[in-house]
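First the structure, in the form of structure tokens, and then the observations on it.
The values are calculated or read from the model by the stated rules, or taken from the named source; none is laboratory data. These numbers come from a predicted model, not from an experiment. Cβ sites come from the backbone with ideal geometry, for glycine too, and all protein chains shown count toward neighbours.
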There are 2 protein chains.
Amino acid sequence: MTTEYTGTGDPAKSLELLWGTKNPPSRGPRPALTVERIVAAAIEVAGAEGWQALSMRRVADALGVGTMTLYRYVPGKGELLDLMMDAAFGELDRRPHEGTWRERLDRVARANWELCHRHPWLLNISMSRPVLGPNVLAKYDHELGAVDGLGLSEMDMDAILTLVLSFAAGAARVSVEQSQAPQRTGMTDEQWWNAHAPILERLYKADEYPLAQRVGTVVGEAMQAAYDAGHAFEFGLARVLDGIEVYIEDAAG
Amino acid sequence: MTTEYTGTGDPAKSLELLWGTKNPPSRGPRPALTVERIVAAAIEVAGAEGWQALSMRRVADALGVGTMTLYRYVPGKGELLDLMMDAAFGELDRRPHEGTWRERLDRVARANWELCHRHPWLLNISMSRPVLGPNVLAKYDHELGAVDGLGLSEMDMDAILTLVLSFAAGAARVSVEQSQAPQRTGMTDEQWWNAHAPILERLYKADEYPLAQRVGTVVGEAMQAAYDAGHAFEFGLARVLDGIEVYIEDAAG
DNA sequence: GGCAATCGAGTACAGCGTACCCAGTTAAAG
DNA sequence: CTTTAACTGGGTACGCTGTACTCGATTGCC
């Protein structure tokens, strides 16, 4: 269950904040806060208490200031989320690429997968169009380097990168939700299966969903063995890279 | 920007609702509503007025009943969302598969892509573990049929299907967000580019992000030509299926 | 010293999901 | 037929959200 953006914020203001295009005030009192501190506090709250606890009041409390004080620095919550995303992207390794394109893309995928696990709230944000902050741009630039020099068109480079990133995010989403499910629903995996057992049994006896039964049983057991999400990522990544390989070799040949 | 679910609902109750395991009351007045009508109204509201307008009060208004009346039929909003998802999945074509596995998976991907466009709110829901409703189960069963009979293990079948579905959802997410961006941000594409132009120009002159500039320019122009999202889906789907093909042929050979 | 700008923050409002309560309705039990 | 238990409809209220508005306090420039 999700809500959308307020949309109140002027993108020009977000950009000003992201790029620090704002000369310090000459008159009034010295600002006691900085945008950076607010963003850091917000990330802290989101990490420690979860996405649903991330409210303007909670961030203000964490900083020991009044709620409305935040609005002196940030136009609104939507913009704060944009800034958080840009800050998180700054954590990514941006050293020059090494190895083959496949090794590069593999590392890009794993880096994003890992980042989504470190900051699960990213998965709730990046659904919106990213505001072009410095780290967003640098990330894009760096990751494009993984598929540069292969003779691909710009469109192809972007499409391939988009595919890999979208896959990594999708797989991470599944993984994160799965690991959060127990505390979100307040029931363990076992309780969950017990809750579903009576109905599943009835249906399986009726043999209405034979394939789902066969596969679901095996997968269900594997899920309980904590096998699942990482496996899905590894498997999918290999397939995606294979598919890209076919394309690149065809284009070269 | 998103919020999470309340988690108040007992999954056992959701299942009762989904499978109609509830004998009609013997005493009291006849219920004026049905769960189906509530779900239909909720889908209607979500489709007509958007995800952010989907509130319990709004759904109740649409049905001409008091807000709290809904809670006689549905434990909470989270469960209502589960029911909506199951209902939407019921719209999918479930006729027997035809053609090669590749044609089948292609159709599965397109069907999901299309469904996500018809009911964009699905992308905001399915993040949570799906409650196993009849249509959820039937969808799983049917889609597994696309990769049945190829000698794949159950784990592989599930992994391949998961990959295709996760890709389709990811691509649809991008596409939907892009088409919704103008009304969400209240600015046209042109306004958006104009807002970003000064900063982008400054950065590009500094040549700090050479690749991003080169690729971004081309992609940006293509985006304005409304080329983009559908293209990314077609491109990615072909690559994903190619990758799966490599795997299937290796497994067979 | 006066003015203009800026900061911090309390108050208030509209909206949300929903717990709680009570009046009205119906069928079963006596 | 009366009583009773079960059930429905829904109003009120609580705690939460983001944030518009407004105020006094503070600071630097003229």
Handout entry: Conditions (1) in contact (Cβ under 8 Å) with a residue 12 or more places away in the chain; (2) touching a Phe, Trp or Tyr at 6+ places or on another chain (Cβ under 9 Å); number of the one not met by B:Gly145
Key = (2)
Exercise for the section: Being of a type outside the set (Val, Ile, Thr), more than 23 Å from the chain's Cα centre (by Cα) and facing chain A (nearest Cβ under 7 Å) narrows it down to one of B:Tyr209, B:Tyr140, B:Tyr204, so name that one. Expected result: B:Tyr209
Practice task
Could you tell me which residue of region A:16-67 is nearest to DNA strand D (Cβ to nearest atom), considering only residues that are at pLDDT 95 or above and touching a Pro at 6+ places or on another chain (Cβ under 9 Å)?
Solution key: A:Ala46
Practice task
Return yes or no: is B:Leu163 within 7 Å of another protein chain (Cβ to nearest Cβ) and under 28 Å from A:Trp193 (Cα atoms)?
Solution key: yes
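Table: residues versus (1) within 22 Å of A:Gly230 (Cβ to Cβ); (2) of a type outside the set (A, V, I, L, M, F, W, C); (3) within 16 Å of DNA strand C (Cβ to nearest atom).
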| residue | (1), (2), (3) |
| --- | --- |
| A:Arg72 | no, yes, yes |
| A:Arg107 | yes, yes, no |
| A:Trp113 | yes, no, no |
| A:Ile125 | no, no, no |
| A:Met155 | no, no, no |
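Counting just the residues of region A:51-72 that are touching a Phe, Trp or Tyr at 6+ places or on another chain (Cβ under 9 Å) and without any contact (Cβ under 8 Å) to a residue 60 or more places away in the chain, which one comes out nearest to the other protein chains (Cβ to nearest Cβ)?
In this case the residue turns out to be A:Gln52.
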Handout entry: Qualifying position, being under 18 Å from B:Val45 (Cβ atoms), touching a Phe, Trp or Tyr at 6+ places or on another chain (Cβ under 8 Å) and either among the aliphatic types (A, V, I, L, M) or touching a residue at least 40 places away in the same chain (Cβ under 8 Å) (or both), among B:Trp113, B:Trp121
Key = B:Trp121
